[in-house]
Amino acid sequence: MRSLFLCFAAGLAAQETTFRATVPVVLVPVTVTDQRGKLVDGLGEADFVVTDGGRRVTFRVESPDLSTAPLALMVAVQTNDLSAAALLKIRKIGSMVQPVITGERGTMALLTVDDRVTVSQEFTADPTAMAKAFERLEPGRSRSAVLLDAAARAVELFRARPSGERRVLLLIGEAKDRGSAAKLEAVLEQLQRENIQVYSATYSAMRTQFTTRASERPRPSGGENDIFAGLAELVRLGSVNTAEALSVHTGGRKLAFTTLRALEGIVMRVGEELHGQYLISFPASGPDGFHGIGLTLRDADKRAVVARQGYWFSSPP
């Protein structure tokens with residue numbers, strides 16, 4: 001994380017609000033919407049109040065139209081047995097994800113998730129390669145969906161990327177984890193340390209089947225009707241909503257879909273938000289450990305703010 005902080009610190013040195021290049025800088029993408037859910041533009045430093053552990057800090061704001069950091073997007077798609085109906089819709093968005101979300105300067109990669117995490121497409125700026133990777137998505141035979149393991153793997157892959165990129169993980173699958181070895185608290189810490197923003201496009205495996213035409217609906221791999229999977233889903237509803245936890249704590253958003261049109265709308269919404277976010281930055285400081293970030297508007301006026309809830313600080317060795 002320090003290399004990413006230092007890169008941005010050097011880039012900020014010539015700005016009106018300056019930070020020393022040797023000081024790690026906390027980056028906070030911020031989404032501001034009005035009461036109708038539309039993005040609010042035209043805001044500046046005078047409109048925000050930022051606190052670090054309850055203490056007000058000096059910060060700067062980079063408006064959406066001035067943002068220069070390229071976007072690196074990792075898409076993780078659930079491909080277990082229960083995802084067969086949903087994959088019929090998910091395959092069709094492959095050609096729109098790259099142009100809508102990352103743009104020409106960005107790159108993206110694709111992970112598939114069942115009882116293990118597989119890199120289906122390495123990072124690329126080629127929209128054709130990504131569209132083909134989506135078209136190849138097929139359901140497996142496992143009922144597992146290791147969502148947290150996928151997020152942990154994404155962290156590892158992002159660490160190998162160049163510093164200075166905006167890092168975004170888009171999870172497409174059920175809202176709850178099915179069998180990960182990784183723990184939620186540990187994964188959240190890793191995501192926050194690496195400045196990775198998580199968006200989740202979720203569906204119910206049971207409901208999605210009823211929005212798919214019978215002629216398109218795949219046969220259950222086991223030979224038994226998948227109503228038993230639906231019953232298992234109802235039993236599982238009391239568990240932690242993993243997708244929401246990852247999204248909320250990293251400043252992203254959890255959105256649900258049942259139809260192709262709704263999924264396309266989510267892709268459009270994520271792209272709109274990422275390209276309409278303010279980038280707030282301020283110097284990190286001790287003590288070591290987790291620091292809660294407070295971010296409010298001086299004049300809320302029925303406007304909502306979404307941002308990461310904290311960062312982790314480690315003293316230089």
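Readers should treat all values here as calculations from the given coordinates under stated rules, not as data from a laboratory. Model, not experiment: these values are computed from the prediction. Counting neighbours? That spans all protein chains shown, and the Cβs are built from the backbone with ideal geometry, glycine included.
Of all lysines in the structure, those lying under 23 Å Cα to Cα from LYS132, and not within fewer than 8 positions of it along the same chain, are LYS89, LYS92. Label positions at SER314 and ARG161, each projected 7 Å from the Cα along the C-beta direction, are separated by 1.9 nm.
Note on SER285, SER315, SER247: ascending count of other Cβ atoms within 10 Å places them as SER315, SER285, SER247, the fewest first.
Under 20 Å of direct C-alpha separation, and excluding same-chain neighbours fewer than eight residues apart, LYS38 reaches these lysines: LYS254, LYS302. Each residue in LEU297, LEU110, LEU188 was given a count of other beta-carbon atoms within 10 angstrom of its own, and listing them fewest first yields LEU297, LEU188, LEU110. Once you sort the root eigenvalues of the Cα gyration tensor of region 35-162 as a ≥ b ≥ c, which label holds: rounded (a/c under 1.5), prolate (a/b larger than b/c) or oblate (the other case)? Prolate, since a/c reaches 1.5 and a/b exceeds b/c.
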